[in-house]
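Structure first, then comments.
The values are calculated or read from the model by the stated rules, or taken from the named source; none is laboratory data. Remember, it's a predicted structure, so these values are computed and weren't measured experimentally. Don't worry about glycine lacking a Cβ; one is built from the backbone with ideal geometry, like all the others, and counts go over all protein chains shown. The area values use the complete protein model at the heavy-atom level, side chains included, leaving out ligands, DNA and RNA. Shrake-Rupley method; radii C 1.70, N 1.55, O 1.52, S 1.80 Å.
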Amino acid sequence: MYIRTLAPSDAESYRALRLQSLQLHPEAFLSSYESEAKLSIETTRIRLDSSDEHFTLGAFLEGEQRLTGMATLFRESRPKIQHKANVYAVYVDPAARKHGVGYALMLELIARAKAAPGLEQLTLTVTSNNAPAKRLYESLGFVCYGTEPRAMKLGSEYLDEDLMVLML
């Protein structure tokens, strides 16, 4: 497996995996398939234009050019909270699960975060009933510091979200 920063030229493969994630696991993301499907490929290219403040990592299995996993980091820009960054849109294609893809993606994301001057902590949210994701994050040192009840409404069902932090 190899991991690299995705670029605007990866927009088509990123968009396909992103839409898959929203179709298969709508409970895991705040965006919806319907709203993301309406976005242009140009908008996706712009999202993948990385900087020191944000980037999206992509994972590829050995011998394959197909994107199999992704994770995004956004650093806060306001001076009082520049010491924090948020992790978003972590997803691994079901066919690539159980190969350590999510773990490797997050290890690389954490390593890059540690190398960023002045960055002290990472935060993320995870649906409270998503045990596999919570186990992954806890294995990397994230701890739950609270739960937002009814954080998301999917149809008529409310979902709680656990708030997690990793001190770098």
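From the helices alone, meaning DSSP H stretches of at least four residues, give me the mean residue ellipticity at 222 nm for the chain, per-run term -39500 (n - 2.57), in deg cm²/dmol to the nearest 500. Can you show the working numbers first?
Working: 5 runs with 50 residues, N = 168.
Helix-only estimate at 222 nm: -8500 deg cm²/dmol.
Could you provide, to the nearest whole Å², the per residue accessible area of the chain with probe 1.4 Å? Show your work: numbers first, answer last.
Numbers: 9060 Å² over 168 residues.
Result: 54 Å² of accessible area for each residue.
Describe numerically, in nm with one decimal, the distance between label points set 7 Å from Cα along Cα→Cβ at GLU138 and at TYR33.
3.0
Counting only C-alpha contacts under 8 Å and six or more residues apart, can you give the relative contact order of the chain as a whole percent?
19
Output the peptides 103-114, 2-13 sorted from most to least packed, where packing is the average of other Cβ atoms within 10 Å over each peptide's residues.
Descending packing order for the listed peptides: 103-114, 2-13.
For q values of 0.11, 0.13, 0.15 Å⁻¹, compute log₁₀ I(q)/I(0) with the Debye formula on a Cα-only model of the range 45-139, without solvent.
Treating every Cα as an identical point scatterer, log10 I(q)/I(0) equals -0.34, -0.47, -0.62.
Full extension from LYS98 to ALA115: what is 0.36 nm times the residue separation minus their Cα-Cα distance, to one decimal in nm? Mind showing how you got there, number by number?
Working: separation 17, 0.36 × 17 = 6.12 nm, distance 2.80 nm.
Length gained, LYS98 through ALA115: 3.3 nm.
Check the straight Cα-Cα distances from LYS80 and name the lysines below 24 Å, setting aside those fewer than 8 residues away within the same chain.
Qualifying lysines at Cα under 24 Å: LYS114.
Taking only C-alpha pairs under 8 Å that are 6+ residues apart, what is the relative contact order of the range 65-146 in percent?
So the answer I get is 28 percent.
Kindly rank 128-141, 16-29 from highest to lowest mean number of other beta carbons found within 10 Å of each residue.
16-29, 128-141
What are the ³J(HN,Hα) values, in whole Hz, obtained from phi via the Karplus relation 6.51 cos²θ - 1.76 cosθ + 1.60 with θ = phi - 60°, for each residue of the range 135-151 in sequence order, with x given for Gly and Pro?
So the Karplus estimates, Gly and Pro as x, are 4, 4, 5, 5, 5, 8, x, 5, 10, 7, 10, x, 10, 9, x, 6, 5 Hz.
Top to bottom by accessible area (1.4 Å), largest first, where do LYS84, LYS153 land?
The ranking, largest first, comes out as LYS153, LYS84.
Please sort 88-95, 116-123 by packing, taking for each peptide the average over its residues of neighbouring beta carbons within 10 angstrom, highest first.
88-95, 116-123
For the chain, just run the numbers: alpha carbon Rg, then divide by 2.2 N^0.38 Å, N being how many residues it has.
Computed over Cα atoms of the chain, the ratio equals 1.01.
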